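Participant: Okay, handing you the structure first.
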Amino acid sequence: MKDSFENEISRRRFIAKVGKGFVAANVAGTFLKAAAAKEVAAADSPGSKLGWAIVGLGNLAIHEILPAFAKCEKSKVTALVSGHPDKANKLAQQYGVNPKNIYNYQNYDSIKDNPEVDIIYIVLPNGMHAEYTIRGFQAGKHVLTEKPMANTPDDCQKMIDAGRKAGRKLMVAYRCRYEPYNKEAIRIARSGELGPTQVILANNGWRVTDPDQWRLKKDLAGGGSMMDIGIYALQAARYLSAEEPTEVNALIYTTPNDPRFKEVEENINFQLRFPSGILANCTSSYGYDAQSHYRVIGTKGWLEMEPATVYRDLRMRVHRNGISEERSLPALDHFTLEMDHMSECVMQNKEPLTPGEEGLRDLKIMMAVYSAAKTGKTVKL
């Protein structure tokens with residue numbers, strides 16, 4: 001399985017067709033335009049960069065993560081880990097990785113002897129995150145792991161404990177927490193500009209077509225649409241409200257006899273209650289065309305992101321005093337931002353914005369969502 005699973009990896013790439021003519025943003029836009037110019041020049045900037053090993057060379061790594069290093073100021077790719085030597089060698093040549101720094105899943109642990117690797121980025125199916133994160137810590141490296149952090153809260157805790165024991169940092173790749181649009185949405189939602197938040201609506205979906213891909217295998221994925229993209233809706237509800245939910249209700253529906261969904265769910269709707277009274281209604285699906293949307297509704301207005309959490313072409317509208325306004329912000333690479341954040345945390349010995357504990361909180365809530373859907377009862381957190 002470890003030698004062949006990458007053939008199944010098919011990370012989605014949403015294509016959002018959006019209009020032109022965005023209205024200029026406020027002061028935050030001015031600041032972020034400078035950041036965009038800085039990103040473009042990053043490849044030529046001098047200074048220290050930490051070395052990264054990419055573990056798993058599926059579509060996400062090939063099409064998003066590896067190209068993002070060209071814009072990084074603090075990060076560079078120095079090693080690759082793959083069960084496919086031909087693919088690894090081709091990518092190593094393309095990105096200037098020394099062939100001696102190509103590993104497979106059997107000799108992965110020997111990466112401990114490589115001083116050119118400071119941080120490991122785990123880009124494997126969910127069910128493999130815990131094993132390769134723990135082995136990465138045992139090799140003395142810092143670890144960034146893709147979301148969801150693992151299949152179970154128990155595995156998340158083991159990862160956290162391994163990082164503490166090794167004295168190394170653990171971060172979960174919640175890339176939306178680092179990019180301009182979602183950061184601005186967080187600022188607005190928490191600032192009181194829209195009045196106290198009443199309701200948050202969040203929806204993420206895409207149509208799965210290949211019945212043999214790893215996301216539909218329970219042992220590799222941990223679950224269906226909830227684990228893969230429902231987590232974006234859950235994260236949005238949490239970071240926009242700045243609160244932790246106290247109650248969960250949920251419903252699941254899977255098309256009968258659909259060969260894609262023998263092991264995992266297709267559609268899930270879940271509701272969250274927060275301490276201040278905020279209610280969130282969230283949906284995820286593997287059954288319809290790409291959706292990525294959230295809306296924050298306050299007593300004085302609302303904020304909408306659509307697309308909200310895809311890789312590029314994000315779009316924001318803010319409605320106040322009867323007027324809806326487009327907000328245009330610089331388009332910065334999500335993966336560049338999150339990787340440089342991790343490198344900076346290692347360099348400055350500070351805690352990442354999205355540490356392992358953040359991933360653990362999401363897993364606990366997602367398990368409560370599944371429990372609520374199974375029992376038909378409200379689950380208190």
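Values quoted throughout were computed directly from the atomic coordinates according to the rules given, and no laboratory measurement underlies them. Source: prediction; values computed, not measured. Quick reminder, even Gly has a Cβ in these numbers, built from the backbone with ideal geometry, and neighbours come from all protein chains shown.
Participant: Hey, what's the Kirkwood Rh for the range 157-215 if you take every pair of different alpha carbons, in angstrom? Please report the intermediate quantities before stating the final value.
Facilitator: Details: mean 1/r = 0.0629 Å⁻¹.
Averaging 1/r across every pair of different Cα atoms and inverting gives 15.9 Å.
Participant: How big is the shadow of the Cα convex hull of the range 37-168, averaged over all directions, in nm²?
Facilitator: Details: hull surface 32.9 nm².
Mean projected area of the Cα convex hull: 8.2 nm².
Participant: So what is the 222 nm mean residue ellipticity for the chain from helices alone, if each DSSP H run of at least 4 adds -39500 (n - 2.57) and you divide by all residues, rounding to the nearest 500 deg cm²/dmol?
Facilitator: Working: 9 runs with 112 residues, N = 381.
Value at 222 nm, helices only: -9000 deg cm²/dmol.
Participant: Along the positive direction of the dipole of the range 115-167 (beta-carbon charges: Lys, Arg +1; Asp, Glu -1; about the Cα centre), which of G167, T133, A150 reaches farthest?
Facilitator: Looking along the dipole axis, the top candidate is G167.
Participant: Which of L124, L360 has the fewest other C-beta atoms within 10 Å, and how do the rest follow up to the most? Mind showing how you got there, number by number?
Facilitator: On the way: L124 24, L360 20.
Least crowded to most crowded, the residues run L360, L124.
Participant: Using the count of nearby Cβ atoms within 10 Å as a rough guide to exposure, how do E304, E184 rank from fewest to most?
Facilitator: On the way: E304 18, E184 21.
Fewest-to-most ranking of E304, E184: E304, E184.
Participant: List the extent of the Cα atoms of the range 285-366 along each of their three principal axes, largest first, rounded to whole Å.
Facilitator: 46, 31, 29
Participant: Please list, or write none, the lysines whose alpha carbon is within less than 19 Å of the alpha carbon of K49, excluding same-chain residues fewer than 8 places away.
Facilitator: K38, K71, K74, K76, K112, K141, K169, K350
Participant: Next question. Can you tell me the mean projection area, over all orientations, of the convex hull of the range 228-381's alpha carbons? Units nm², please. Walk me through the intermediate numbers first.
Facilitator: On the way: hull surface 46.9 nm².
Orientation-averaged projected area of the Cα hull: 11.7 nm².
Participant: Let me ask another. Based on Cα coordinates alone, diagonalise the gyration tensor for the range 65-108, multiply each eigenvalue by 5, take square roots, and list the semi-axes in whole Å, largest first.
Facilitator: Working: eigenvalues 75, 23, 15 Å².
Three semi-axes, in Å: 19, 11, 9.
Participant: Got a sec? Charge dipole of the range 248-381, +1 on Cβ for Lys and Arg, -1 for Asp and Glu; which of N249, Y294, L329 is way out at the positive end?
Facilitator: Value computed over the given set: N249.
Participant: Could you calculate the contour length gain from D289 to R207, that is, 0.36 nm times the residue separation minus the distance between their Cα atoms, to one decimal place in nm?
Facilitator: Details: separation 82, 0.36 × 82 = 29.52 nm, distance 0.53 nm.
Once the chain is fully extended between D289 and R207, it gains 29.0 nm.
Participant: Let me check I've understood the local charge: for Q138, count other residues with C-beta under 14 angstrom from its C-beta, Lys and Arg +1, Asp and Glu -1. What total comes out? Before the final figure, lay out each step's value.
Facilitator: Values: positive: K112, R135, K141, K158, R164, K165, R168; negative: D109, D113, E131, D161.
Net charge around Q138: +3.
Participant: How long is the gain from K377 to A242 if the chain were fully straight, where each residue apart is worth 0.36 nm and the alpha carbon distance is subtracted? Please list the in-between numbers first.
Facilitator: Values: separation 135, 0.36 × 135 = 48.60 nm, distance 2.53 nm.
Extra length available between K377 and A242 comes to 46.1 nm.
Participant: Just how large is the dipole of the chain about the Cα centre, in debye to the nearest 20, putting +1 at every Lys and Arg Cβ and -1 at every Asp and Glu Cβ? Please report the intermediate quantities before stating the final value.
Facilitator: Working: 50 positive and 45 negative charges, 111 e Å.
Dipole of the chain, to the nearest 20 debye: 540 debye.
Participant: Determine, at each q value in 0.09, 0.14 (inverse angstroms), the log₁₀ of I(q)/I(0) that the Debye formula gives when each Cα of the chain is one equal point scatterer.
Facilitator: After summing over all Cα pairs, the log10 values are -0.51, -1.28.
Participant: Just subtract the alpha-carbon distance of T255 and E344 from 0.36 nm times their residue separation and send over the number in nm, one decimal. Spell out each step's value before the answer.
Facilitator: Working: separation 89, 0.36 × 89 = 32.04 nm, distance 4.56 nm.
Stretched fully, the T255-E344 segment lengthens by 27.5 nm.
Participant: What percentages make up the Cα-Cα pair-distance distribution of the range 161-292 when the bins are 5 Å wide from 0?
Facilitator: Binned Cα distances yield the sequence 2, 10, 17, 18, 17, 15, 12, 8, 3, 0.
Participant: Now a separate question. Once you have the alpha carbon radius of gyration of the range 112-164, what is it after dividing by 2.2 N^0.38 Å, with N set to its residue count?
Facilitator: Numbers: Rg = 10.5 Å, N = 53, 2.2 N^0.38 = 9.9 Å.
Cα Rg divided by the expected 2.2 N^0.38 Å: 1.06.
Participant: With charges only on Cβ, +1 for K and R and -1 for D and E, what is the dipole size of the range 129-170 about its Cα centre, in debye, rounded to 20? Walk me through the numbers on the way to the answer.
Facilitator: Details: 8 positive and 5 negative charges, 55 e Å.
That gives the range 129-170 a dipole magnitude of about 260 debye.
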